[in-house]
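K.L.:
Questions regarding the structure given below will be posed in turn.
The values are calculated or read from the model by the stated rules, or taken from the named source; none is laboratory data. Just so it is clear, the model here is predicted, and its values are computed rather than measured. Here the Cβ positions follow ideal geometry from the backbone for every residue, glycine too, while neighbour counts run over all protein chains shown.
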Amino acid sequence: MPGLVGIDVGGTFTDLFYAGDGVRPPVVLKVPSTPHDPSDGLLASLREAGLDPGDIAMLLHGTTIATNALIERRGARTALVTTAGFRDVLELGRRDRPHMYGLTGVHVPLVPRDLRYEVRERMDYTGAVLVELDEAALHDLATALRDGDVESVVVSFLHAYANPAHEMRAKAILAAANPAWEIVASSEVLREYYEFERTSTAVVQGYLQPLVSRYARSLGRRLGEWGFARDVLIMQSNGGVAPLSRLGARAAHIVRSGPAAGVTAAARIAAEAGFSHVITADMGGTSFDVAVVIAGQPKVADLTNLDFRMPLRLPMIDVHTIGAGGGSIAGVDRGGILQVGPRSAGAVPGPVAYRRGGSDPTVTDANLVLGRINPRSPMTGSDAGLDLEGAQHAVAELGARLGLGPEATAEAILAVVNQRMAGRIRLLSVERGLDPQAFVLVAFGGAGPMHGAALIREVGVRAMLVPRFPGVLCAMGCAMADIRFDFSQTVEKPLAELAAETLAAILAAQRREGEAELRRSEAPAARIAATHSADMAYAGQIHALRVPVEAGWTPARMTAAFNETYCAEFGNTLEGIPVVLVNLRTTVTGQRDAAPPAAPAATAASGPPAPAAHRRVHFGTWHRTPIYRRSDLAAGVALHGPAIIEQADTTTVIEPDMVLRVDRHDNLIVELGR
Amino acid sequence: MNPVTLAVVRGSLEQIADEMDLHLIHAALSPIISETNDCAHGIFHPTTGETIAQGRYGLPVFLAYMQFTVQNLLKIVAEQGGFRPGDVWILNEPYIGGSHLQDVQIVAPHFVGDRLFAIMASTGHWMDIGGNVPGGWAPRAREIHQEGIIIPLVKLYEGGRLNAALVRMFTANVRLPEQIAGDLAAMSNVFTVGRRGLDALVARYGVATLNDCLDEMIVRSERQMRSHISEIPDGSYRFTDWLDNDGIVDEKVPISVTVTVAGEEMAIDFTGTAAATRGPLNMSRNTTLSACYVALKHIFPDVPVNGGTFRPVRFTVPDRTLLSAEYPTAVGGYLEVLGQVINLLFGALAQAIPDRVPAAFFGTTGVTTMSGVHPRTGKYFVAVFPYPGGYGATRATDGLVHATSPQSMANFMSIEMSEHRFALRFAHFRLREDSGGAGLHRGGCGTEYAIEATAECIVSVLGDRVDHAPFGIAGGGPARPSRVVFHTGGRDWVPELRSKQEKQVLRAGESIGLASPGGGGFGDPRLRPPGDVERDLNLGYVGPDTAATEYGVVVEQVSAGRLHPRYRVDEAATRARRAAPRG
């Protein structure tokens, strides 16, 4: 029986995870990415894995193509048609600036002002027509635009979420004028109010759609030429996958494909290990990504700012990023206080230890000075190994300015960067009323397992889990995700004024739409599930709370659910103030049966293995510390810290007062000893 | 002092203040807090009252202001028997606190055992505070009593017990009692968040170590501020600008500043500024000092926000001027004065460090308030629209379009959301073409919009900067000034005081049109690359006349029709025109 393959195409590496088919063992590998045509790297990874098309039941894929097109402004030449008088909504945004302090910075909208056009039409907030659509003028405009080099056209009219009729009519007129255009109506992308956020979201879709459609066609063709004719599913930012055939229409949904896959994998692996509440900690070279999973469900954000004045209002797994990574630079501010990051040495020049010209001490250099990283680590790709002496020198120089010795300085660098990461974790957990003792921290990325032990101690998290393949977690996540579509509809009325039937009808329509989307996608789903939620607020509040609801609930039942959630979040309720239903939401998932085991179940080991080596590692003082190879640690092994576990893609640090066990899925579980 | 402890404690204190900000932003009922973050939270030294940490989500205007409030309050509370556990004090009196009556501050002591460890403060903007004009921006106020109710420094909680009678006094005197009660409850809850964070820190480090850290943090910040000041060339830099009028008498009002830099110290002297005005364009001394710090922080963004930053700067704010308002002077127009002071600091320091300072920003918050009874709900509403506008250009770039006031991070409400909540409708909302100051780098454009009443309502507007446009620096030109036009009874008209009008009735279908200023330009416009001017023309940022007269380029229009007009610059003719002497 053929197996599943997950492939995550990142900026630098394309990662592959093959789940195995019962005969062939799992495969995990990395090949360099090929930004000019990402499908080259993808096919190269399949060849490198020695896989034949017949070995693969399904291919699941995470991609940065959309993110990169936005960052590098390489999307389509897009025109925007708006309600007369509102051409500049996209450029004006909501009255803001890029940074709290400093009046510098500019904004370059995805559609420049000379490609934004107005047409007479207007609805009021109930969706009643105030001014009819000027079809003749729109036809003239379409004709004039036809001869230019525009590839896609976005239509965004005021209050179209309440009544999309004018947008639909405009779309038809534009399509008749030029069938080659990709045309996006704001109400098709988002049925919610807030004209800037909806327009921006639709523009992101229109800007990406031609490029992503082309990529989907080309990838399908190349896989076909290779001989693979089965399903290809793409990871979306919401943690679910969508079929390749629908990718163009879902272009705006894949901008955070990779990070979403990582969180999905972490959640799944933790669940199999018996943890339902998870904090995911992905620490790489420049940034630290953290997300929270409650009862197996990753927290989802409604709005993400992709750039200054570029909001995307679609459900995306809520991944918070701070500038803290192995390459974060340590320095002393003008007041003489130690600071670490957000400035990063990046890949070039990189940490001093990497011998690429870096001279500022970084977090990686501190880890090296303290013996936590093996100086002969293969990570730099240099035969000479890491430059321990250079790192010691840079750290000592910084220490001289602080009045500290080299080891104390390195410890101080770690303390400061750990405090910043722990602070962010606390903001997402403890400060939201969640008890850290109920969580496991899943550490991945190159530097995550090196800092995870300190983070669980700092925040008070119960345990750290390091999965078997922490370097390809995003590729694994692709192979594990369900198919998922989200729908929303703005209501914006007091619940007391709404009938139960109205609510039921909206939810039923969203469910039908999702089921139809699943059928169209022809993706293999064993079961279809729909969940509903409602955004509600006390009349007057801007920030609504998301509350799970069920089809068939009365307005009174919804009000009660809101009060309960509000009290849990803010410690009191505001009885007497009417509760407003802002949006109704439905998520339809096609759940896949053939989810692979997160890691092969291993047989229990007889006892702890012999360490591969010993090294001096600094934990307050120097400790003679055993070094283990990850591959030597079988399920059932238990050890006491201090210890260092090395594998090709990361190093796991176990502090002196901690204990490690390897669970039956081959995960490392690290806890505070008693 | 252990440098690791110091760094970690500083980070932790900033985090606690951030958490207090976020708690209120998420829990407040008023859009002005939840949507525009019109609030601030800080932790203060128990004996000196100096700022130890301030949240990074609250508004810049409250930067220095809360420290001076807490310092005033320490004296008054001491006279009344000192702080006791479970007490929470409240005030909005601008002469002790700052800004205007809508900004309500509550202050609570934090005790460790029976010792006062720190003071916490929360400031939040209330949507209505009673008074003559809904929302509180009364352009014709002659004394503070017309602007709302005054809350002197009193106890909201005593020994943990809420003074419910006081809350009933507030709710009986404001137009939005539900919102105000909700916001007050949310503000009081913030201290629970602060206490939890401080207790955890005390448990970890102990009071003695933390006290050392607090003192040391202030010393380090002072050192940091001194290092920045020392990079400004020594000298005395003077700048004067004018308010159009004070809302009562149509005479221009001068404000002057002299910034003197000597080594690591700076003196800011407002001698030459007009006396307190008869109208609402005044502000308290605390707010004047805060405005100066906002300007400095925009020039040197990495300066931390704590008491040490304030030590190397000396102020002279002469008594009885419009920058040192005393009872019963009206202060409801303080945002206009504050914008003026921020620009004055830019204007003065541009003489010393032109490469680090922006040209004048749009300079007026021009608050428009619309209120009435919504025909759908039968309930009273108050809608507040602050001006967006252009930022001044800098050595590095053109100015930003549709920016928020420098003292604020407040957004403009969503048009669709406003039309749901209030009985109004936007007729248009667009970039104001050709409104940024010309320059090597161009000032950002302003914004123009018109709001139509869909049921009878009253409108007040409190702005300025119609007669005195935002200035350019280093040879850059001024921006277009503000413009306010009413459309009622079938005709367009401009208010007598141009940008100030109190409680104008709009019937359904009548409207107000607003056009905000852009930002000033940086550098000689004739040095702007002709290709950039061509792009500005094609995008409509600059008009053909301005391109010819200010930028000295020669252009021709190459197409129009249903699409937007396209222009092409004649490079050779432009070179010739720019080389010719200016006439």
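K.L.:
Identify, from the list B:ILE16, B:ILE52, B:ILE25, the residue that is of a type in the set (A, V, I, L, M, F, W, C) and outside any helix (DSSP H, G or I).
P.N.:
Residue meeting the stated conditions: B:ILE52.
K.L.:
Still on this model: Quick test for you: out of A:ILE269, A:ILE234, pick the one residue that is of a type in the set (A, V, I, L, M) and within 16 Å of the chain's Cα centre (by Cα).
P.N.:
A:ILE234
K.L.:
Which one of these does B:ASN411 not meet: (1) within 21 Å of A:GLU195 (Cβ to Cβ); (2) surrounded by fewer than 20 Cβ atoms within 10 Å (Cβ to Cβ); (3) more than 10 Å from chain A (Cβ to nearest Cβ)?
P.N.:
Among (1) within 21 Å of A:GLU195 (Cβ to Cβ); (2) surrounded by fewer than 20 Cβ atoms within 10 Å (Cβ to Cβ); (3) more than 10 Å from chain A (Cβ to nearest Cβ), B:ASN411 violates only (3).
K.L.:
If you check A:ALA366, A:ALA347, A:ALA330, A:ALA353, which single one turns out to be under 22 Å from A:SER287 (Cβ atoms) and in a strand (DSSP E or B)? Talk me through it step by step, then tell me what you get.
P.N.:
Working: A:ALA366 fails: in a strand (DSSP E or B); A:ALA347 fails: in a strand (DSSP E or B); A:ALA353 fails: in a strand (DSSP E or B).
Going through A:ALA366, A:ALA347, A:ALA330, A:ALA353 in turn, just one is under 22 Å from A:SER287 (Cβ atoms) and in a strand (DSSP E or B): A:ALA330.
K.L.:
Out of the residues in segment B:470-505 that are touching a residue at least 40 places away in the same chain (Cβ under 8 Å) and charged (D, E, K, R), which is farthest from B:THR240 (Cα to Cα)?
P.N.:
Within segment B:470-505, the match that is farthest from B:THR240 (Cα to Cα) is B:LYS503.
K.L.:
Looking at segment B:389-408, which of its residues are of a type in the set (A, V, I, L, M, F, W, C), facing chain A (nearest Cβ under 7 Å) and assigned to a loop (DSSP other than H, G, I, E, B)?
P.N.:
Across segment B:389-408, the qualifying residues are B:ALA396, B:LEU400, B:VAL401.
K.L.:
Would you please name the residue that is farthest from A:THR364 (Cα to Cα), looking only at residues in segment A:410-426 that are more than 7 Å from chain B (Cβ to nearest Cβ) and under 25 Å from the mean Cα position of the chain (by Cα)?
P.N.:
Step by step, filter segment A:410-426, then rank; the result is A:ARG426.
K.L.:
Any residue that is modelled with pLDDT of 95 or more, within 14 Å of chain A (Cβ to nearest Cβ) and more than 22 Å from B:LEU431 (Cα to Cα) - is there at least one of those in segment B:498-514?
P.N.:
Scanning segment B:498-514, I find at least one residue that is modelled with pLDDT of 95 or more, within 14 Å of chain A (Cβ to nearest Cβ) and more than 22 Å from B:LEU431 (Cα to Cα), so the answer is yes.
K.L.:
More than 14 Å from chain B (Cβ to nearest Cβ), surrounded by 19 or more Cβ atoms within 10 Å (Cβ to Cβ), closer than 29 Å to A:GLY346 by Cβ and touching a helix residue (DSSP H, G or I) at 6+ places or on another chain (Cβ under 8 Å): which single residue out of A:VAL442, A:VAL459 fits that description? Lay out the reasoning, then the answer.
P.N.:
On the way: A:VAL459 fails: more than 14 Å from chain B (Cβ to nearest Cβ).
From the options A:VAL442, A:VAL459, the qualifying one is A:VAL442.
K.L.:
Could you count how many residues in segment B:424-455 are basic (Lys, Arg) and either touching a Phe, Trp or Tyr at 6+ places or on another chain (Cβ under 6 Å) or in a strand (DSSP E or B) (or both)?
P.N.:
2
K.L.:
Also: Can you find a residue in segment A:194-204 that is farther than 26 Å from B:HIS564 by Cβ and either in contact (Cβ under 8 Å) with a residue 60 or more places away in the chain or within 14 Å of chain B (Cβ to nearest Cβ) (or both)? Before the answer, list the steps.
P.N.:
If we filter segment A:194-204 for residues that are farther than 26 Å from B:HIS564 by Cβ, which is where we start, we get A:194.
In the following step, the residues that additionally are either in contact (Cβ under 8 Å) with a residue 60 or more places away in the chain or within 14 Å of chain B (Cβ to nearest Cβ) (or both) were identified as A:194.
Yes, segment A:194-204 contains at least one residue that is farther than 26 Å from B:HIS564 by Cβ and either in contact (Cβ under 8 Å) with a residue 60 or more places away in the chain or within 14 Å of chain B (Cβ to nearest Cβ) (or both).
K.L.:
How many residues does segment A:381-409 hold that are within 14 Å of chain B (Cβ to nearest Cβ), outside any helix (DSSP H, G or I) and either of a type outside the set (A, V, I, L, M, F, W, C) or touching a Cys at 6+ places or on another chain (Cβ under 7 Å) (or both)?
P.N.:
Count: 2.
K.L.:
Looking only at strands (runs of 3 or more DSSP E) that fall completely inside segment B:300-388, which ones have 3 or more residues that are touching a Ser or Thr at 6+ places or on another chain (Cβ under 8 Å) and of a type outside the set (A, V, I, L, M)?
P.N.:
B:380-385
K.L.:
Has segment A:197-214 got any residue that is in the same structural domain as A:VAL111 (by TED's automatic domain parsing) and either of a type in the set (D, E, K, R) or assigned to a strand (DSSP E or B) (or both)?
P.N.:
For segment A:197-214, residues in the same structural domain as A:VAL111 (by TED's automatic domain parsing) and either of a type in the set (D, E, K, R) or assigned to a strand (DSSP E or B) (or both): present.
K.L.:
While we're here: Kindly provide the set of residues from segment A:121-138 that are exposed (fewer than 15 other Cβ atoms within 10 Å of the Cβ) and modelled with pLDDT of 95 or more, ordered by number.
P.N.:
A:ALA128, A:VAL129, A:LEU130, A:VAL131, A:GLU132, A:ALA136 - these are the residues of segment A:121-138 that are exposed (fewer than 15 other Cβ atoms within 10 Å of the Cβ) and modelled with pLDDT of 95 or more.
K.L.:
I would also like to ask the following. Which ones in segment B:316-333 are among the β-branched types (Val, Ile, Thr) and more than 12 Å from B:ARG278 (Cα to Cα)?
P.N.:
B:THR316, B:VAL317 - these are the residues of segment B:316-333 that are among the β-branched types (Val, Ile, Thr) and more than 12 Å from B:ARG278 (Cα to Cα).
K.L.:
Looking at the structure I just gave you, is A:ALA144 more than 14 Å from chain B (Cβ to nearest Cβ), surrounded by fewer than 18 Cβ atoms within 10 Å (Cβ to Cβ) and without any contact (Cβ under 8 Å) to a residue 24 or more places away in the chain?
P.N.:
So A:ALA144 fails the test.
K.L.:
Let me ask you something else. Hey, among A:ALA19, A:ALA79, which residue is within 11 Å of chain B (Cβ to nearest Cβ), among the small types (Gly, Ala, Ser), crowded, with 23+ Cβ neighbours inside 10 Å and in contact (Cβ under 8 Å) with a residue 12 or more places away in the chain?
P.N.:
Testing whether each residue is within 11 Å of chain B (Cβ to nearest Cβ), among the small types (Gly, Ala, Ser), crowded, with 23+ Cβ neighbours inside 10 Å and in contact (Cβ under 8 Å) with a residue 12 or more places away in the chain leaves just A:ALA79.
K.L.:
Does segment B:301-343 hold any residues that are crowded, with 24+ Cβ neighbours inside 10 Å and of a type in the set (D, E, K, R), and which are they?
P.N.:
Hit for segment B:301-343 is B:GLU336, nothing else.
K.L.:
Does segment A:357-376 hold any residues that are within 30 Å of A:PRO626 (Cα to Cα) and without any contact (Cβ under 8 Å) to a residue 12 or more places away in the chain, and which are they?
P.N.:
Selection gives A:ARG376 alone.
K.L.:
Can you pull out the residues in segment B:62-72 that are assigned to a helix (DSSP H, G or I) and either of a type in the set (S, T, N, Q) or touching a helix residue (DSSP H, G or I) at 6+ places or on another chain (Cβ under 6 Å) (or both)?
P.N.:
B:TYR65, B:GLN67, B:PHE68, B:THR69, B:GLN71, B:ASN72
K.L.:
Among the residues of segment A:91-141, what is the count of those that are among the polar types (S, T, N, Q) and more than 10 Å from every other protein chain (Cβ to nearest Cβ)?
P.N.:
Summing the residues that are among the polar types (S, T, N, Q) and more than 10 Å from every other protein chain (Cβ to nearest Cβ) in segment A:91-141 gives 0.
K.L.:
Shifting gears a bit: Any residue at all in segment B:208-223 that's in a helix (DSSP H, G or I), under 25 Å from the mean Cα position of the chain (by Cα) and more than 20 Å from B:PRO358 (Cα to Cα)?
P.N.:
There is at least one residue in segment B:208-223 that is in a helix (DSSP H, G or I), under 25 Å from the mean Cα position of the chain (by Cα) and more than 20 Å from B:PRO358 (Cα to Cα).
K.L.:
Scanning for something within 22 Å of the chain's Cα centre (by Cα) and assigned to a strand (DSSP E or B), does segment A:32-44 turn up at least one residue?
P.N.:
The answer is yes; a qualifying residue exists.
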